[in-house]
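S.K.: Got a structure here, written out as structure tokens. Questions coming.
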Amino acid sequence: MGKEAISIAVGEGTVSALLEVPAGAKACYVVAHGAGAGMNHSFMAAVAEGLAARGVATLRYQFPYMEKASKRPDVPKVAHAAVRAAVAEAAVRIPKLALYAGGKSFGGRMTSQAQAESPLPGVRGLAFLGFPLHAPGKPSDDRAEHLVNVKVPMLFLQGSRDELADLELLVPLVARLGGSAKVEIFEDADHSFHVPARTGKKDAEVMEELLDTLAAWMK
């Protein structure tokens, strides 16, 4: 089927989206972007292309504020509506594929909040590409209180140097969520999954590991 540019109705407007369905796909990841960059950011494109190579479809989409080129993220109510609309669109367009949802940072948190308020129809699990547990330099797990109301499996993909997720808080939190929640740590990676040159590792290697883990979890 390849890559298709589509529009999704959200409230009284529409947002842009890209649906990428490789041959033989069995699952689709409905993936939301982070607060500072939209669905066409290189990280988002790499996730979509990498998952396609692993037989997983993706639907990536814009939040309304990003569609309007605003720098101020949507309030949760609007963001949650966009998440629900994107999941519903995926269900209509590719009804035979198992649905998973989540996203990068802000996008992942808005998805989990939407799921906690009312289950996203058909979604089998949530995957977070760097869950933003707290603001930089202000360790807290208050932003994760809603996760106890998420009743589907969750996968947290986190860098060990992520300034938005103190592992001393995140790892115990995931443990408290129970057996259906899992965290995978990528050593030396930051919130953007960048690793310093001194480690001898390259960002592309980290991305390959991340995508292998994510694809295997969904399959």
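The values are calculated or read from the model by the stated rules, or taken from the named source; none is laboratory data. Being a predicted model, the structure only gives us computed values, none of them experimental. With ideal geometry, Cβ positions are generated from the backbone for all residues, glycine too; neighbour counts draw on all protein chains shown.
S.K.: Condition (residue is basic (Lys, Arg) and either under 23 Å from residue 42 (Cα atoms) or touching a helix residue (DSSP H, G or I) at 6+ places or on another chain (Cβ under 8 Å) (or both)) applied to region 125-142: is it met by at least one residue? Talk me through it step by step, then tell me what you get.
M.R.: If we filter region 125-142 for residues that are basic (Lys, Arg), which is where we start, we get 138.
Those left that are additionally either under 23 Å from residue 42 (Cα atoms) or touching a helix residue (DSSP H, G or I) at 6+ places or on another chain (Cβ under 8 Å) (or both): none.
Checking region 125-142: not a single residue is basic (Lys, Arg) and either under 23 Å from residue 42 (Cα atoms) or touching a helix residue (DSSP H, G or I) at 6+ places or on another chain (Cβ under 8 Å) (or both).
S.K.: Applying the selection to region 191-219, what residues are in contact (Cβ under 8 Å) with a residue 60 or more places away in the chain, assigned to a loop (DSSP other than H, G, I, E, B) and closer than 22 Å to residue 164 by Cα?
M.R.: Start the filter on region 191-219 by keeping residues that are in contact (Cβ under 8 Å) with a residue 60 or more places away in the chain, which leaves 191-193, 207-208, 210-212, 214-215, 217-219.
Filter once more, keeping what is assigned to a loop (DSSP other than H, G, I, E, B): 191-193, 219.
Result: 191, 192, 193.
S.K.: With the requirement that a residue be touching a Pro at 6+ places or on another chain (Cβ under 7 Å), surrounded by fewer than 21 Cβ atoms within 10 Å (Cβ to Cβ) and in a strand (DSSP E or B), what does region 6-35 give you? Write out each step before concluding.
M.R.: Quick first cut of region 6-35, residues touching a Pro at 6+ places or on another chain (Cβ under 7 Å) only: 10, 13, 15, 35.
Next, from what is left, pick out any that are surrounded by fewer than 21 Cβ atoms within 10 Å (Cβ to Cβ): 13, 35.
13, the sole residue that qualifies.
S.K.: From the list 106, 193, 128, pick out the single residue that is modelled with pLDDT of 95 or more, aromatic (Phe, Trp, Tyr), closer than 22 Å to residue 33 by Cβ and out of contact with any Leu (no Cβ under 9 Å at 6 or more places or on another chain). If you could, list the steps in order and put the result at the bottom.
M.R.: Details: 193 fails: out of contact with any Leu (no Cβ under 9 Å at 6 or more places or on another chain); 128 fails: out of contact with any Leu (no Cβ under 9 Å at 6 or more places or on another chain).
Matching residue, one of 106, 193, 128: 106.
S.K.: Turning to a different aspect of this structure: I'm trying to understand the selection: among the residues of region 101-124, which are of a type outside the set (Lys, Arg) and assigned to a helix (DSSP H, G or I)? Let's see the steps before the verdict.
M.R.: We begin by selecting, within region 101-124, every residue of a type outside the set (Lys, Arg); these are 101-103, 105-108, 110-123.
106, 107, 108, 110, 111, 112, 113, 114, 115, 116, 117 - these are the residues of region 101-124 that are of a type outside the set (Lys, Arg) and assigned to a helix (DSSP H, G or I).
S.K.: Is at least one residue of region 43-58 of a type in the set (S, T, N, Q) and loosely packed, with under 14 Cβ neighbours inside 10 Å? So that I can check it myself, show each step before the final result.
M.R.: Looking only at region 43-58, we keep the residues that are of a type in the set (S, T, N, Q), and these are 58.
Subset that is loosely packed, with under 14 Cβ neighbours inside 10 Å: none.
Among the residues of region 43-58, not one is of a type in the set (S, T, N, Q) and loosely packed, with under 14 Cβ neighbours inside 10 Å, which makes the answer no.
S.K.: Checking the structure you have, find out if any residue of region 131-139 is under 26 Å from residue 88 (Cα atoms), in contact with a Phe, Trp or Tyr (Cβ under 7 Å, 6 or more places away or on another chain) and in a loop (DSSP other than H, G, I, E, B).
M.R.: Initially, region 131-139 is screened for residues under 26 Å from residue 88 (Cα atoms), giving 131-132.
Add one more test, that the residue is in contact with a Phe, Trp or Tyr (Cβ under 7 Å, 6 or more places away or on another chain), and what stays is 131-132.
Cutting the leftovers down to in a loop (DSSP other than H, G, I, E, B) gives us 131-132.
Checked region 131-139: at least one residue is under 26 Å from residue 88 (Cα atoms), in contact with a Phe, Trp or Tyr (Cβ under 7 Å, 6 or more places away or on another chain) and in a loop (DSSP other than H, G, I, E, B).
S.K.: What number of residues within region 50-80 are over 16 Å from the mean Cα position of the chain (by Cα), hydrophobic (A, V, I, L, M, F, W, C) and within 16 Å of residue 120 (Cα to Cα)?
M.R.: Qualifying residue count for the region: 1.
S.K.: Here is a follow-up. Looking at residue 162, is it surrounded by 20 or more Cβ atoms within 10 Å (Cβ to Cβ), among the acidic types (Asp, Glu) and more than 23 Å from residue 218 (Cα to Cα)? Working first, answer last.
M.R.: Details: surrounded by 20 or more Cβ atoms within 10 Å (Cβ to Cβ): yes; among the acidic types (Asp, Glu): yes; more than 23 Å from residue 218 (Cα to Cα): yes.
Here the answer is yes, as residue 162 does meet what is asked.
S.K.: Moving on. Can you tell me which residues in region 59-83 are in contact with a helix residue (DSSP H, G or I) (Cβ under 7 Å, 6 or more places away or on another chain), closer than 18 Å to residue 102 by Cβ and of a type outside the set (Phe, Trp, Tyr)? Please lay out each step first, then the result.
M.R.: As a first pass, look at region 59-83 and keep what is in contact with a helix residue (DSSP H, G or I) (Cβ under 7 Å, 6 or more places away or on another chain): 59-61, 63-64, 72-74, 76, 78-80, 82-83.
If we keep only those that are closer than 18 Å to residue 102 by Cβ as well, we get 59-61, 63, 73-74, 76, 79-80, 82-83.
Across region 59-83, the qualifying residues are 59, 60, 73, 74, 76, 79, 80, 82, 83.
S.K.: (1) over 14 Å from residue 129 (Cα atoms); (2) surrounded by 18 or more Cβ atoms within 10 Å (Cβ to Cβ): which one isn't true of residue 68, the others all being true?
M.R.: Answer for residue 68: the failing condition is (2).
S.K.: Test of understanding: among 162, 188, which residue is touching a helix residue (DSSP H, G or I) at 6+ places or on another chain (Cβ under 8 Å), more than 23 Å from residue 118 (Cα to Cα), among the acidic types (Asp, Glu) and part of a loop (DSSP other than H, G, I, E, B)? Don't jump to the end; show me each part of the working.
M.R.: On the way: 162 fails: touching a helix residue (DSSP H, G or I) at 6+ places or on another chain (Cβ under 8 Å).
Criteria check complete, one pass: 188.
S.K.: Let me ask something else. Within the set of pairs 6 or more residues apart or between chains, which connect a residue that is closer than 14 Å to residue 31 by Cβ inside region 111-136 to a residue that is among the charged types (D, E, K, R) and part of a strand (DSSP E or B) with Cβ atoms less than 9 Å apart?
M.R.: Final answer for the pair search is 128/104; 129/104; 130/104.
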